[in-house]
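**Student:** To start, I am sharing the structure in question, which I have written as structure tokens.
Nothing in this text is a laboratory measurement; each read-out follows from the coordinates by a stated rule. For clarity, every value in this text was computed on a predicted model and none was experimentally measured. Using ideal geometry, Cβ is built from the backbone for each residue, glycine included, and neighbour counts are taken over all protein chains shown.
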């Protein structure tokens with residue numbers, strides 16, 4: 001079944017796209033909720049005429065989306081979260097969390113245009129912000145443990161430990177021949 005979308009639906013298409021969907025999805029969800037109409041020949045003609053009339057408006061929307069994407073291009077997020085001893089997060093880091101962190105940095109973005117696999121462990125992830133049809137920005141997201149020990153002192157301690165163990169090993173070797 002061919003449907004003309006009346007709004008952007010992530011994973012399916014963008015506004016004014018003609019997409020093929022299963023009959024039940026089109027009849028039971030897209031058409032009753034007003035998110036799409038059946039792509040009859042007359043509806044396609046109306047769509048073509050509307051696109052001709054809105055060409056300037058669409059170009060302005062794309063330029064605005066590219067401007068917003070440029071502002072977000074060099075942004076990297078670091079999100080702290082509570083972590084269990086096993087390394088799993090209590091809860092998860094999702095697109096809504098990424099939107100909140102961007103808002104803290106002064107960049108207002110609707111959480112619905114952000115797609116991200118939910119982060120349930122500490123590590124590096126990637127969130128994709130869909131501004132317009134061809135305008136997407138990938139934002140690196142680093143999830144760090146809130147209660148993790150600082151790594152710098154931990155690296156310095158092993159360097160000192162072998163120096164201290166060497167005299168202890170020599171003392172053990174000296175005692176061993178005396179015992180025989």
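**Student:** Can you put 132, 25, 90 in order, fewest other beta carbons within 10 Å first? Let's see the in-between values first.
**Tutor:** Working: 132 18, 25 14, 90 10.
Listed from fewest to most nearby Cβ atoms, that is 90, 25, 132.
**Student:** Measuring from centroid to centroid over Cα atoms, what is the spacing of segment 101-122 and segment 7-71 in Å?
**Tutor:** Measuring centre to centre over Cα atoms gives 25 Å.
**Student:** Okay, next question. Counting only Cα, what are the radius of gyration and maximum Cα-Cα distance Dmax of segment 70-145, in Å?
**Tutor:** 12.4, 42
**Student:** Could you line up 130, 88 from fewest to most neighbouring Cβ atoms inside 10 Å?
**Tutor:** 88, 130
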